[in-house]
Ligand SMILES: [Zn+2]
C-alpha cells in the first residue's frame, strides 16, 4: 500500500494517488446514508419535524450539500471531500496565469457534485419502478411486476384520449419503454467509463480522475505548502462573503452573520466525518451481538406453583412421594399447576374430576406434562 502510493505519486508530487481519489469518492458516497441514519435516529424522538425531513431526505441533503460544497469550492478550491483529503481542483488551462477556479467552474462543479448524484438516484428509482423492482430481477422477465401495468395503463389511457393529449401519452409510453430498455446500458457505460479513467489515472495515462472532470477541464491536485500558508493567513472565516469594514450597523450585522455561517460550514469539516463514524459504529453495533447481550434483560424466574387448596390432596413431606397414592412416584408427570404425581394417578384424577388434585384448579388431561427426571 505504502509502496504503491509512493510509486504512483512519485512521478508528480502534486498528483494524488488513486487511493486518495477513491477514498474521496467513498467519503462523499457515505455522507448521504450517514446523515439519513442520524436523522432517522432523531426522527424517532422529534417526529413532528424530522419525519418530513426524512421523507424529503434526498432533496434536503442536496440543498445542504449545495451550500457546503459551494462554500468549500469558493474558499478552498475543492469539494468538501477533496479538501478533507488535502487536495483541490485546478484549471488545466490557466486564465491570466492563475489556475484557480472561476465562478463558472464553481457552478459546473456544483452541478457535477450535487446535481448528478441526485439525478442518478431519481433515474435509478424510476428504473426500479418500471422494471418491477427486486422481484423482477430475481425471478426474471416472467415476473413483470408493476412495470407492464404502468405501460399498458398509459397505452390504454392513450386509446381513450384524442388529439395532442393522446399523442403525448403515446410519446410518454414510448419514452418510458426506451428508458427501461436502454437505461441499464447507459448505467453500465457510465460505470465502465469511471473504471477506465481510474485505470488510466493509475497508469499515468491521464491526469483526470473522472470523465466529468475531464469534460470540465479540472484536475485534482494536492494542496501545496503555499496553499496551506495562504489558507492560514486568510483565517477560517475569510471568504468573499466578508464585507469590507464600514460604519453601517446593517453591514456589520451582515458581516457577523456571514462570519457565523462560514464558521459553521467550516465546523462541518469535523462534523460530517464524525457522522460517518457514528453511522459506521451504529451499523456495526446493530449487526453485532453486543447490543443484544446488553439490551437483554435476564428472563424472569419461573413462577412458584400456586398454594395447595385446603380441600385438595395433601402434599407429602417427602417430595419424592406422589400426593395421590403416597407411594414413590412411578413415571412422574406434572399437573398444569406444577405439582408432580405418578402419571397413571394424575391422568386418572384429571380425567375424572377435570381439576388438579392439590390446588383444585381446572385442568385437562392434555395439559399433563411428563417429566424425564430418570432414564
Ligand atoms: Zn401415584
| message | Need the C-alpha centroid separation for the stretch 57-89 versus the stretch 305-347, integer Å. | response | 77 Å
| Order of 342, 325 under a 10 Å beta carbon neighbour criterion, fewest first | 325, 342
| task | Provide the gained length on full extension for the span residue 283 to residue 129, in nm with one decimal, where the gain is 0.36 nm per separating residue minus the Cα-Cα distance. | result | 52.7 nm
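Quick one: grab the alpha carbon gyration tensor of the stretch 306-375, order the square roots of its eigenvalues as a ≥ b ≥ c, and give me rounded if a/c is under 1.5, else prolate or oblate depending on whether a/b is larger than b/c.
On the way: a/c = 1.68, a/b = 1.15, b/c = 1.46.
Because a/c hits 1.5 or more and a/b fails to exceed b/c, the stretch 306-375 counts as oblate.
How would you rank 267, 110, 216, going from fewest to most other Cβ atoms within 10 Å of each one's own Cβ? Please report the intermediate quantities before stating the final value.
Details: 267 11, 110 17, 216 20.
Sorted ascending by nearby Cβ count, the order is 267, 110, 216.
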| query | Between residue 66 and residue 100, how many nm apart are label points set 7 Å from Cα along the C-beta direction? | reply | 2.5 nm
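At 0.36 nm per residue, and after removing the present C-alpha to C-alpha distance, how many nm does the segment from residue 48 to residue 168 gain when stretched out fully? Working shown, then result.
On the way: separation 120, 0.36 × 120 = 43.20 nm, distance 4.03 nm.
Net length gain for the segment: 39.2 nm.
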| query | residue 92 to residue 116: extension gain in nm, 0.36 nm per residue of separation minus the Cα-Cα distance? | reply | 6.4 nm
| field | Separation in nanometres of the label points that stand 7 Å from Cα toward Cβ, at residue 205 and residue 254 | value | 5.2 nm
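If we count other beta carbons within 10 Å of each Cβ, what is the order of 368, 346, fewest first? Before the final figure, lay out each step's value.
Values: 368 19, 346 28.
Fewest-to-most ranking of 368, 346: 368, 346.
Where a number appears in this text, it was derived from the coordinates with a stated rule and is not lab data. Quantities reported herein were computed from a predicted structural model and do not represent experimental measurements. Cβ sites come from the backbone with ideal geometry, for glycine too, and all protein chains shown count toward neighbours.
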